[in-house]
Each structure stands twice: as C-alpha cells, then as structure tokens.
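One structure below.
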Amino acid sequence: MTNEVKRIGLISDTHGLLRKEAVKALRESDLILHAGDVGKPEILKQLREIAPVVAVRGNVDTEPWAQALPETAVAEAGAIQIYVLHDVNALDLNPTAAGFHIVVSGHSHKPGKLERDGVLDINPGSAGPRRFRLPITVARLKLGPVPYEVEFVDLEESR
C-alpha cells in the first residue's frame, strides 16, 4: 500500500452475502480490509472491483478456496500499520509493542471501536445475513490527523 491510501473500507462476516448497500458504502475506498468469515470467493472478487483487498480467513471459511487466505494479515497505509484478524480474542501479540496503529477484527458481529494503549481497535460489525438482533454494518476509516475518523454505516438505513 502507498501513502495514497486515505480511505479504508472495513467489512467482516459477509457469510457469502455481499449486499449492494455494502458495495455502495465501500465505493470510495482506496483499500478494503475484510476481517474474515467471507463465505464465498466471489465476495472478494466483487470487492476487488472497488479497490485492492486484504482479507483473512474466519472460522466459517473452511472450503478449499479459503485455505489461501491467511489467519492474520498486515496492511500498510503510508506509515500506518494495520493488523487484521478475524477474532480479536485470538490476538497473540501486543499491538503496541509490535508497532501497530490499528487492529481490525470481526467475528462478534458487534460494530465498535476503542483505543487501547494507543492502538485503535475496530470491528466493522457484520455485513452478511442478520444474526440475532445486531445491526448490519460496515465501517469507513479515514486516515489523517489522529484520532482517525471511523464511521459505521448501517446497511439497512442506507437503502
């Protein structure tokens, strides 16, 4: 990735469903990070039509095609280091000590962000089929001055 990456689309837990609202919400992205539970390889193909994609394997990504996806990935946007994994509870490093600025994860289907020891943790929520009563969301991360801007997009409200 280059210094030109300023807008990053965050998506997770598509479970084989890429909604047109998600495509619309991510359309202006310079880079897309998929935090696992992709569900079908076509999802990544469609996302790559928008921007370069960094994706990791989630617990439902068990088909042979998904074995090519790593369990964790590192994305760079200029000097910004981003660690991507599916389940933040499986984090086996100290992001601050490792030099990461942002951690992106999915799995819980709960959108949220928090700062821990100077590292921004973001879960874009679930963009796929509804589970429980949780919202259906993606997130947009805008890099620039700290704190970085994180916007959660409710895909049902954006119809």
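The values are calculated or read from the model by the stated rules, or taken from the named source; none is laboratory data. Note that the structure is a prediction, hence the values are computed from the model and not measured. When we count neighbours, we look across all protein chains shown, and the Cβ atoms used for this are built from the backbone with ideal geometry, even at glycine. Remember, those area values only see protein heavy atoms, side chains included, never the ligands or the DNA or RNA. Shrake-Rupley method; radii C 1.70, N 1.55, O 1.52, S 1.80 Å.
Out of 22, 35, 97, report the one residue that is farther than 18 Å from residue 148 by Cα, out of contact with any strand residue (DSSP E or B) (no Cβ under 7 Å at 6 or more places or on another chain) and either among the hydrophobic types (A, V, I, L, M, F, W, C) or surrounded by fewer than 20 Cβ atoms within 10 Å (Cβ to Cβ) (or both).
Details: 22 fails: out of contact with any strand residue (DSSP E or B) (no Cβ under 7 Å at 6 or more places or on another chain); 35 fails: out of contact with any strand residue (DSSP E or B) (no Cβ under 7 Å at 6 or more places or on another chain).
When all the criteria are applied, what remains is 97.
Please count how many residues of segment 110-130 are surrounded by fewer than 22 Cβ atoms within 10 Å (Cβ to Cβ), in contact (Cβ under 8 Å) with a residue 24 or more places away in the chain and more than 20 Å from residue 74 (Cα to Cα).
The initial filter retains those residues of segment 110-130 that are surrounded by fewer than 22 Cβ atoms within 10 Å (Cβ to Cβ), namely 110, 112-121, 129-130.
Okay, now just the ones that are also in contact (Cβ under 8 Å) with a residue 24 or more places away in the chain, so 110, 113, 115, 119-121, 129.
Narrowing the set further to residues that are more than 20 Å from residue 74 (Cα to Cα) leaves 110, 129.
Residues that pass the stated criteria total 2.
Return yes or no: is residue 141 farther than 24 Å from residue 21 by Cβ, part of a strand (DSSP E or B) and aliphatic (A, V, I, L, M)?
Details: farther than 24 Å from residue 21 by Cβ: no; part of a strand (DSSP E or B): yes; aliphatic (A, V, I, L, M): yes.
Spelling it out, it is not the case that residue 141 is farther than 24 Å from residue 21 by Cβ, part of a strand (DSSP E or B) and aliphatic (A, V, I, L, M).
Counting only residues that are in a loop (DSSP other than H, G, I, E, B) and open to solvent by less than 10 Å² (accessible area, probe 1.4 Å), which one in segment 38-57 is farthest from residue 103 (Cα to Cα)?
Step one: list which residues in segment 38-57 are in a loop (DSSP other than H, G, I, E, B), which gives 38-40, 49-52, 56-57.
Right, trim to open to solvent by less than 10 Å² (accessible area, probe 1.4 Å) and you get 38, 51, 56.
Numbers: 38: 18, 51: 20, 56: 13 Å.
Looking at residues that are in a loop (DSSP other than H, G, I, E, B) and open to solvent by less than 10 Å² (accessible area, probe 1.4 Å), I get 51.
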